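Notes for the one structure printed next.
Any read-out appearing in this document is the output of simple, stated calculations on the displayed coordinates, not a laboratory observation. Here the structure is a predicted model, which is why all the values come from computation and not from measurement. For neighbour counting, all protein chains shown are included, and Cβ atoms are generated from backbone atoms with ideal geometry for every residue, glycine included.
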Amino acid sequence: MAEWFDKEYELSSLEMKRPGLTELLTKRASKEDILFHWGMIGAVASAAIIELIYLIPQLSAAGEALLWAHGIVGALLILGGLSYLIKYWRNEYFVLATDRIFLVDTAFLAAIAASGSIISLKVLGVLPPTAFGLEGIIHVTLTYTWLIISLFFNGAAKHALATIVWRIYGKEKVTANPLIFTSACGRCGKCIEVCPLYEAYGKEDEAPALKLRMYLKKLTAENVNVEEKKKIAEEVYVCTLCGLCVGVCPYTFNFVEVYKKILAQTNMLYVQAQISKRSS
């Protein structure tokens with residue numbers, strides 16, 4: 001088996017600067033990313049315009065064309081979603097980087113796609129129409145329910161919003177903000193794949209995306225004692241600071257700088273606690 005230093009890795013960028021949204025969705029995206037994200041953007045945009053049509057009768061002439069457009073981008077979204085499921089089944093690093101909300105997102109999007117497909121089949125006359133447009137009500141209800149859950153529980157919708165915030169306010173500010181950092185992360189698993197510590201120990205605690213998420217969550221919690229913070233500092237010291245995770249990250253998240261900030265913060269808190277303990 002080849003060692004981590006013998007492997008060849010595809011770097012996202014050699015420049016330490018934030019990519020634009022278009023670059024993220026094209027040059028730095030995999031095939032399933034392109035299908036899913038552009039399908040999602042098209043579906044959300046066309047759905048928003050369709051909602052406006054119901055509020056502004058003057059736009060009703062464009063309604064049928066928009067419904068067709070919504071169905072087409074919805075098909076792209078379904079293809080992208082299926083590609084993600086295949087990736088989840090075949091890529092262990094992707095599985096590690098994601099969490100349970102991925103499965104929740106998948107379940108909701110599958111139900112939304114199924115109801116949307118039924119609507120399309122009825123529009124085409126393949127299936128008979130349902131009284132009171134029940135399938136449309138189900139489709140819209142599922143969509144809004146998913147958006148709320150995904151936003152509040154760090155799902156795909158919050159990831160999209162956090163990515164936009166990350167692009168607007170800059171990489172440096174985002175890496176200093178744990179909430180934006182953990183939400184904007186694409187959870188692709190590339191950082192885990194290249195990490196020499198994960199390669200050596202094979203422990204989830206050494207997977208960069210998971211490790212930083214865990215550390216930042218602990219450090220922002222109110223009930224973390226000084227000894228726990230000292231332990232975090234000791235674990236961060238193990239990192240080789242090789243920067244491979246930064247090089248392969250599509251977002252060019254500066255993991256190394258975040259590690260350094262965590263290290264400085266935990267060391268300072270521990271020293272302050274020791275001084276306070278001795279003076280008392």
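The label point for Ile56 and the one for Lys27, both projected 7 Å from the Cα toward the Cβ, are 3.5 nm apart. The gain in end-to-end length when the Glu204 to Leu151 segment is fully stretched comes to 16.5 nm, 0.36 nm per residue minus the alpha carbon separation.
Between Val226 and Lys122, the simple spin-label model (points 7 angstrom out along Cα→Cβ) gives 6.5 nm. Counting Cα-Cα pairs of the range 21-160 in 5 Å increments starting at 0 gives whole-percent bin shares of 2, 9, 16, 22, 21, 14, 9, 5, 2, 0, 0.
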